1. If I go through segment 181-206 residue by residue, how many of them are modelled with pLDDT of 75 or more and either of a type in the set (A, V, I, L, M, F, W, C) or surrounded by fewer than 21 Cβ atoms within 10 Å (Cβ to Cβ) (or both)?
2. Taking the stated definitions as given, is residue 75 modelled with pLDDT of 85 or more and outside any helix (DSSP H, G or I)?
3. Return a yes/no flag: does segment 124-136 have any residue that is surrounded by 24 or more Cβ atoms within 10 Å (Cβ to Cβ) and not in a helix (DSSP H, G or I).
4. Could you grab me the full set of residues in segment 231-259 that are more than 18 Å from residue 74 (Cβ to Cβ), of a type outside the set (Ser, Thr, Tyr), in a helix (DSSP H, G or I) and over 25 Å from the mean Cα position of the chain (by Cα)?
5. If you check 297, 262, which single one turns out to be among the hydrophobic types (A, V, I, L, M, F, W, C), under 22 Å from the mean Cα position of the chain (by Cα), modelled with pLDDT of 70 or more and at negative phi?
6. Taking interchain pairs and intrachain pairs at least six residues apart, which have beta carbon atoms under 7 angstrom, with the first residue in segment 83-102 and at negative phi and modelled with pLDDT under 90 and the second not hydrophobic (A, V, I, L, M, F, W, C) and not in a helix (DSSP H, G or I)?
7. Quick one: in segment 230-259, of everything that is in contact with a Ser or Thr (Cβ under 8 Å, 6 or more places away or on another chain) and within 22 Å of residue 98 (Cβ to Cβ), which residue is modelled with the lowest pLDDT?
8. Taking segment 124-141 only, how many residues are of a type in the set (A, V, I, L, M, F, W, C) and within 11 Å of residue 197 (Cβ to Cβ)?
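The values are calculated or read from the model by the stated rules, or taken from the named source; none is laboratory data. The model shown is predicted, which means the values in this text are computed figures rather than measured ones. Virtual Cβ from ideal backbone geometry, glycine too; neighbours counted across all protein chains shown.
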Amino acid sequence: MDLKFNSSRKYVSISVPSKSQAMSPHIKSVDDVVVLGFNLSKFNKATQFFICVSGVFLFYLIYGYLQELIFSVEGFKPFGWYLTLVQFGFYSIFGLIELQLIQDKRRRIPGKTYMIIAFLTVGTMGLSNTSLGYLNYPTQVIFKCCKLIPVMIGGVFIQGKRYNIADVSAAVCMSLGLIWFTLADSTIAPNFDLTGVVLISLALCADAVIGNVQEKAMKLHNGSNSEMVLYSYSIGFLYILLGLTCTSGLTPAVTFCSKHPVQTYGYAFLFSLTGYFGISFVLALIKIFGALLAVTVTTGRKAMTIVLSFLFFAKPFTFQYVWSGLLVVLGIFLNVYSKNMDKLRLPSVRSLWNKCTEEKQTRTLSQTV
């Protein structure tokens with residue numbers, strides 16, 4: 001017994017690498033938060049938060065402005081898929097450059113998985129860009145805020161999930177907000193088209209699926225963000241190129257953009273660059289402060305994007321946009337609260353009533369004294 005036990009123990013060894021030994025970049029990233037080549041880990045939490053929030057607002061506000069600016073070019077609205085093709089091309093170049101800057105350049109995630117992710121990415125961004133040819137930009141942003149709705153519907157019918165009252169209330173608020181916002185848009189917007197609603201809804205469904213697929217693939221195969229960007233967008237580029245070639249949509253788009261190179265290719269480059277930088281700061285915000293704070297910041301950014309859209313681009317306005325937007329924001333808060341009920345404990349009606357009663361009794365007693 002002792003001999004077998006001793007002989008078996010010699011095959012079990014645990015080695016702890018010293019600090020001087022080189023670590024895998026994937027392991028190192030757990031401690032170090034590097035954004036655009038800058039290590040944020042050497043700053044305190046307040047400075048990290050300020051840098052991340054500033055990056056999210058700066059780059060995504062520019063991203064939204066340029067996206068709407070491109071579609072404001074007269075005659076460009078039919079070429080949303082070509083804009084996506086150009087955007088995917090730039091993202092692939094950015095991902096290749098970033099991948100060259102890290103130590104481990106191996107592809108870890110299987111090619112078949114990337115083909116699925118690329119298809120979903122094409123659906124998400126292509127349909128979203130194309131919908132701007134039929135919808136106002138604020139309506140598109142409101143729809144993109146409501147990813148919870150297709151996620152819940154898929155969870156009920158595919159996985160048989162059950163949701164609590166907070167999740168159901170969030171979905172109801174988002175649905176009512178979307179319906180109210182869309183009705184307002186259809187009433188006062190001269191360029192409203194139901195086709196845009198269908199396109200952005202399909203983009204929303206693809207967006208709801210792609211997050212789960214990407215997260216599962218990266219956790220299962222330990223893939224990096226730069227690898228995910230490079231392969232998913234480069235394969236997606238080939239998908240869109242093939243689709244535009246087969247539908248004869250490539251030649252008219254190239255002809256039009258060659259006549260307006262600055263307003264199309266120039267803006268598309270800045271549009272893609274700011275979008276790529278923006279997602280880097282969002283990921284850093286999630287890693288340092290968690291998803292709860294990240295959702296709060298990105299929701300504020302989307303609200304600011306809608307406000308700036310009305311300020312910089314002339315479009316009809318009604319206060320129905322405000323009330324429906326607030327309903328969507330309430331739905332987002334309820335969704336975040338349901339996922340963090342242990343961290344965010346709202347007081348119950350009974351506790352509020354007891355507190356008010358105690359304060360009233362205290363004031364009465366003080367007046368009596």
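1. Count: 12.
2. yes
3. yes
4. Quick first cut of segment 231-259, residues more than 18 Å from residue 74 (Cβ to Cβ) only: 231-251.
Add one more test, that the residue is of a type outside the set (Ser, Thr, Tyr), and what stays is 235-238, 240-244, 246, 249-250.
Still in the running and in a helix (DSSP H, G or I): 235-238, 240-244, 246, 250.
Hits for segment 231-259 are 242, 243, 244, 246, 250.
5. On inspection, the qualifying residue turns out to be 297.
6. Between residues of segment 83-102 that are at negative phi and modelled with pLDDT under 90 and residues that are not hydrophobic (A, V, I, L, M, F, W, C) and not in a helix (DSSP H, G or I), the close pairs are 99/105; 102/224.
7. Residue satisfying both the conditions and the ranking: 230.
8. 1
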